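Everything below concerns the one structure shown next.
The values are calculated or read from the model by the stated rules, or taken from the named source; none is laboratory data. In this text, all values refer to a predicted model and were calculated from it rather than measured experimentally. Cβ atoms come from the backbone with ideal geometry, glycine included; neighbour counts cover every protein chain shown. Accessible surface areas use protein heavy atoms only, side chains included; no ligands, DNA or RNA. Shrake-Rupley method; radii C 1.70, N 1.55, O 1.52, S 1.80 Å.
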Amino acid sequence: MRNVQTWGALGRPFATGFILSVALLLLPLAALGEGEVAEEAPPLLLPASPTPVAEPTPTPGEWDAGQTLRVLQRDGTVAEMTMGDYLWSVVAAEMPASFEPEALRAQAVCARTYSLWKLRAGSHEEDGADICADSACCQAYLSPEDAAQRWAGDAQAFSAKIAAAVADTDGQVLTYNGAPIQAVFFSSAAGSTADAEEVWGRALPYLVPVDSPEGDEVPNYHSTVTLTAEEVRKLAQTAGLGCDLSGEPAGWFTNVKRTASGRVETVELGGAQLSGGAARSLFSLRSACFDVTQAEGVFTFSVTGYGHGVGMSQYGANAMAKAGSGWREILEHYYTGAQLQTGA
């Protein structure tokens with residue numbers, strides 16, 4: 001990133017933790033859905049309490065326009081652009097443009113903050129870039145041309161709406177101890193967000209469970225995945241779990257333990273223990289908030305919500321905005337103790 005003098009090496013993000021065998025750790029991460037960013041957490045040094053920062057009043061667009069990013073595209077090329085232009089493409093890709101303006105503003109701040117957090121890690125220096133357009137590594141990215149095709153007749157209105165969300169939050173960054181936080185977000189929660197520690201094994205004071213108000217208005221809020229006993233057996237074998245599935249299928253899944261937020265913490269499959277996140281990945285579930293039942297050799301996973309569950313729920317943010325909350329209130333709700341400041 002150009003024109004910014006405050007970058008310092010923050011260290012590499014720690015790897016996501018699944019309670020699995022070494023073989024399962026070789027599985028690819030579950031494909032991230034709309035609103036999710038790479039599931040990792042930073043080795044931050046955190047104080048007992050943050051120092052409050054006065055709320056700034058920037059000139060719209062001024063800070064973002066002064067920052068230049070080198071963005072590694074999916075085709076391997078590197079495109080140079082301003083932070084404002086990059087954030088437009090991230091917000092367009094990560095959140096439905098039909099959402100409330102205050103939710104889009106909250107998303108813009110999350111995207112800016114997460115960008116700065118990733119920049120400090122310097123993970124794309126060898127590519128000659130600052131950040132990439134891959135949601136499995138950095139954040140999703142949608143070019144204006146692709147966005148116009150997706151939005152069709154709504155393109156002009158949606159484009160202006162997202163541009164306003166970025167400009168109205170110009171330079172605003174969520175920080176803890178003066179540094180950008182890992183402002184992760186996801187699609188929808190089952191009543192509560194998750195603690196970073198229960199998902200990734202690392203506690204962060206600004207990523208703790210909070211209530212989230214979305215519900216059945218969310219598309220596919222409740223989903224199901226059905227697998228035959230043979231399909232479950234093959235997945236377990238491919239993962240190298242070393243579980244014993246010689247008995248009746250009705251006894252394969254046992255000892256389900258849940259977190260305080262209702263997600264599966266651990267579950268045993270034929271005596272092998274999986275974390276909820278590992279089970280979500282292995283069986284292609286939309287979230288780790290699920291129940292599993294079995295009848296006539298067929299397993300049914302009943303799932304609520306979508307995403308890893310940590311940080312800001314996008315549909316929850318939209319529900320708060322519809323109820324009258326502003327973007328600052330939304331961010332304060334989902335990122336406990338984080339402070340807003342211009343740049344970081």
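Quick notes on this structure:
- Residues in the range 207-246 average 57 Å² of solvent-accessible surface per residue, probe 1.4 Å, ligands and nucleic acids excluded.
- Share, in percent, of DSSP beta bridges within the range 193-343 that are antiparallel, nearest 5: 95 percent
- Spatial separation of Cα centroids for the range 241-307 and the range 59-116, in angstrom: 37 Å
- Of the whole protein surface, D146 contributes about 80 Å² of accessible area at a 1.4 Å probe radius.
- Residue-wise HN-Hα coupling along the range 258-268, computed from phi with Karplus coefficients 6.51, -1.76, 1.60 (Hz; x: Gly, Pro): 10, 7, 4, 8, x, 7, 6, 7, 9, 8, 9
- Whether the range 245-308 is rounded, prolate or oblate, judged on the alpha carbon gyration tensor where a/c under 1.5 counts as rounded: prolate
- Overall form of the range 88-154 per C-alpha gyration tensor (a/c, 1.5; a/b vs b/c): oblate
- Partners of K234 within straight-line reach, counting lysines whose Cα lies under 29 Å from its Cα and excluding those fewer than 8 residues away in the same chain: K257.
- D_trans [Stokes-Einstein, Kirkwood Rh over alpha-carbon pairs] for the range 176-226, 4 °C, 1.567 mPa s, µm² s⁻¹: 100 µm²/s
- In straight-distance terms, cross-link reach from K118 covers every one of the lysines whose alpha-carbon lies under 27 Å from its own, apart from those fewer than eight places away in the same chain; here that gives K161.
- Rounded to whole Å, sorted largest first: equivalent-ellipsoid semi-axes of the range 128-272, Cα gyration tensor: 38, 22, 17
- In sequence order, calculated HN-Hα J values of the range 161-168 (Karplus, 6.51, -1.76, 1.60; Hz; x Gly/Pro): 5, 6, 4, 5, 4, 6, 5, 5
- Between amide H atoms placed 1.01 Å from N, distances below 5 Å from V78 occur with Q73, all of them 5 or more places distant or on a separate chain.
- In terms of Cα atoms, the Rg and Dmax of the range 226-344 work out to 18.7, 60 Å.
- Here the range 207-287 is treated as an ellipsoid with the same Cα gyration tensor; its semi-axes, largest first and in whole Å, are 27, 15, 11.
- Total formal charge among the other residues, if their Cβ is under 13 angstrom from that of G191, Lys/Arg +1 and Asp/Glu -1: -1
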